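Taking it in order: structure first as structure tokens, then the write-up.
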Amino acid sequence: HSFENDTFLNESLEWFKQLPLYYENDYIRVVHACWEPEKIKVLEHQLGGNLLKQEFLEASATEGTDLYEAVDIVLKGREIPLPEGITFTDKDDHKRDKIRVKWWEDPIGKSYQEVCIKTEESYKHLTDLVPSEKAGYPIYGKNEKPVFFGHYWLEADQPSIQQVNVCCLDYSVAKEGKLVAYRFDGEQELDEKKFCW
């Protein structure tokens, strides 16, 4: 409904199809929300690369398929369910029974609040420990290439590194936050002095 005519809609869709879902070179990885190697492989296999195709869009909307799960994790982030009966209300006033996790940290021995990417007040009651059966997702290792991503609408007075090789650059610029970049010079361990905003 946001498009005035089919021509503008089709031009926009064609433009989106030219944007990579993820990117990797010899030094870095870039992804919208979560770098999970097995899900990246599913996308690469299905797409024959990292660009959108019409048949990919249609197939990715079919819940329960490998492709749907890969798209969901890579473009939205890894989620785990909360204990039965426990919910929270997100910033848009939606009731949620899952949280997006810090996919670069081992959740064993931590609470849901500690593994949750967000630190808002509505998450403070999530003090139960994450059980091992919910903690079996891949963790992005500290020996992996530096990875840059967005998606999470972080809020802070100053950007910070999530892990020595993990960096979120989304600081809510669309909601009066900061437009953030990182000046990368090939280092394996990222440096907070290299943020630009």
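The values are calculated or read from the model by the stated rules, or taken from the named source; none is laboratory data. In this text the structure is predicted, and so the values were computed from the model without any measurement. Every residue, glycine as well, gets a Cβ built from its backbone with ideal geometry; the counts of neighbours run over all protein chains shown. Each accessible area value is taken on the protein alone, full model and side chains, heavy atoms only, with ligands, DNA and RNA left out. Shrake-Rupley method; radii C 1.70, N 1.55, O 1.52, S 1.80 Å.
Evaluate region 134-145: report whether one residue or more is aliphatic (A, V, I, L, M) and modelled with pLDDT of 95 or more.
yes
Inspection of region 23-30 finds no residue satisfying the criterion of being assigned to a helix (DSSP H, G or I) and not basic (Lys, Arg). The residues on offer are Lys118, Lys98, and the sole one that is within 19 Å of Ala33 (Cα to Cα), open to solvent by 80 Å² or more (accessible area, probe 1.4 Å), in contact (Cβ under 8 Å) with a residue 12 or more places away in the chain and of a type in the set (Lys, Arg) is Lys98. The residues on offer are Val130, Val173, Val166, and the sole one that is open to solvent by 30 Å² or more (accessible area, probe 1.4 Å) and either within 24 Å of Asp90 (Cβ to Cβ) or in contact with a Pro (Cβ under 9 Å, 6 or more places away or on another chain) (or both) is Val173.
Checking Glu36, Glu133 one by one, the residue that is over 29 Å from Lys17 (Cα atoms) and among the charged types (D, E, K, R) is Glu133 and no other. Taking the criterion of being touching a residue at least 24 places away in the same chain (Cβ under 8 Å) and either hydrophobic (A, V, I, L, M, F, W, C) or under 15 Å from Gly136 (Cα atoms) (or both), the residues of region 78-95 that qualify are Arg78, Ile80, Pro81, Leu82, Ile86, Phe88. Within region 21-51, the set of residues being over 23 Å from Lys102 (Cα atoms) and either at pLDDT below 95 or surrounded by 11 or more Cβ atoms within 10 Å (Cβ to Cβ) (or both) comprises Glu44, His45, Gln46, Leu47, Gly48, Gly49, Asn50, Leu51. Of Val42, Val71, Val31, all but one fail to be over 14 Å from the mean Cα position of the chain (by Cα) and closer than 27 Å to Cys167 by Cβ; the exception is Val42. Looking across region 1-18, just one residue is open to solvent by 70 Å² or more (accessible area, probe 1.4 Å) and either in contact (Cβ under 8 Å) with a residue 60 or more places away in the chain or under 19 Å from Lys76 (Cα atoms) (or both), and that is Phe16.
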